[in-house]
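Have a look at the structure below before the remarks.
Laboratory data are not the source of any read-out in this text; all were calculated from the coordinates shown. This structure is a prediction, so every number in the text was calculated from the model and none was measured. Here the Cβ is made from the backbone with ideal geometry for all residues, glycine too, and neighbour counts use every protein chain on show.
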Amino acid sequence: MALEQLRVTRAAEIREQPQDEHRWLVEPLWGAGAVGIIGGAPKTCKTWLALEMAVAVASGRPCLGRFGVPSPGPVLVFTAEDAPYQVKHRIESLARARDADFRSLDVKLIVETSLLLDRAQDLQRLRLTLANHRPKLLVLDPYVRLQRADENDARQVSAILSALRELSRTFHTAVALVHHARKNAARLPGQALRGSSDFWAWGDSNLYIARNRDGLLLTAEHRAAPSPPPLGLHLLAPQDGQDEEKIPVCLELRDESSPPHSTPLAQRILVYLRDAGPAPHRTIRAALRVRTSSLSDALQELEASSRLTRTPHGWNLTSNQSASP
């Protein structure tokens, strides 16, 4: 069979991105159709962050309670280190935290005991699965359990990452690959990723989690967009005697743009709803970490002054209301 020459098009004739196509999967954390790494040292909540993205994309609810999902869609997840029932419980907790309906949430788990990206048969099975389910996001966690290659060998790593990019382009799906970073600090987060530098270079969008004295620090970088400022995070979990139904386990933002606790509670509520959108009482309480009675009183006052209204999705700003005092 005779080979055909490569397809070539003049730059000026390349079609523009349709206006109805969204630039972001999660704005401004992950690009639409982007491949990339969720990286961090062991026990830095990488899987929690990956599943947080999964719940946000599938539900359309803001990621981390703040970052919008312009075009929600189905999500496919494979976690090689956690049993399916453990992943189910995490997703259910995150859905409660973000006021998403867990039963209708279109997050599907690949429940095979293993998936090896450097094995042709497994890669073909993954291709067939993507063709059938057409997810907006594919989460693979973690890289070290998904192949038998030498992660320091650039040629072997590049072959696996190239295969994932080809799948992403073929099926128009974003790919989030969870990967470990070294514990020792590096000048740039991408330099701390274990193995070949191809991991860092591969990502269109990369998210890095590192521990600092205040908890966790989330850093994002993009190939074709400015990086947002780093964000403080911590894992919110019920304390002894507290009900997980009321305080579900989830990642919580602790960035400097949040109002300080000296700010009146009413103003903190308005700022939170401005950023996160409609939210029920329990979600606002978990985010602001205030007493139920104090929050109830503040919500009633804001409703009485026509600054808040009740909706089917929870409390929300009135149409003519901003978060300014």
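When ranked by the protection proxy of mean other Cβ atoms within 10 Å per residue, highest first, what sequence do the peptides 225-232, 91-98 form?
Working: 225-232: 14.5, 91-98: 22.4.
So the peptides 225-232, 91-98, ranked by packing, come out 91-98, 225-232.
For residue 194 and residue 85, what is the calculated FRET efficiency with R₀ set at 22 Å and r taken between the beta-carbons, to the nearest 0.05?
Working: r = 29 Å, r/R0 = 1.30.
With a Förster radius of 22 Å, E is 0.15.
By how many degrees, 0 to 90 and rounded to 10, does the Cα axis of helix 154-171 deviate from the longest principal axis of the chain? Once rounded, the angle reads 70 degrees. In the structure shown, do any of 43/136; 88/183; 88/136; 108/183 have a Cα-Cα gap over 22 Å, and if so which? Listed pairs above 22 Å: 43/136; 88/183; 108/183.
How far, in nm, would the chain grow between residue 301 and residue 152 when pulled straight, counting 0.36 nm per residue and subtracting the alpha carbon separation? If you can, show how the numbers build up before the last one.
Working: separation 149, 0.36 × 149 = 53.64 nm, distance 5.94 nm.
The span from residue 301 to residue 152 would gain 47.7 nm if fully extended.
From helices alone, the chain scores -9500 deg cm²/dmol at 222 nm; the rule is -39500 (n - 2.57) for each run of n ≥ 4 DSSP H residues, then divide by the residue total. The ellipsoid that matches the Cα gyration tensor of segment 23-236 has semi-axes, each √(5λ) in whole angstrom, of 23, 22, 16, with the longest given first. Build a GNM of the chain with springs between Cα atoms under 10 Å apart, and of 134, 155, 187 the one that fluctuates most is 187.
Computed extension gain for residue 213 through residue 201, at 0.36 nm per residue and net of the alpha carbon distance, reaches 1.4 nm. Among 89, 180, the ranking by other beta carbons within 10 Å of each residue's beta carbon, starting with the fewest, stands as 89, 180.
Within 10 Å, count the other beta carbons around each residue, average over each peptide in 113-120, 189-196, and list them highest first. It would help to have the intermediate numbers written out before the result.
On the way: 113-120: 13.5, 189-196: 19.2.
My ranking of the peptides, most packed first, is 189-196, 113-120.
For the chain, a Gaussian network of Cα nodes joined below 10 Å ranks 76, 128, 138 by mean-square fluctuation, and the top entry is 128. Packing, as the average of other Cβ atoms within 10 Å across residues, places the peptides 30-36, 51-57, 298-304, 5-11 in the order 51-57, 30-36, 298-304, 5-11, highest first. Each DSSP beta bridge with both residues in the chain is either parallel or antiparallel, and the antiparallel ones are about 55%.
Which one, 172, 313, 234, has the greatest fluctuation when you compute a Gaussian network model over the chain with C-alpha springs under 10 angstrom? Top of the fluctuation ranking is 313.
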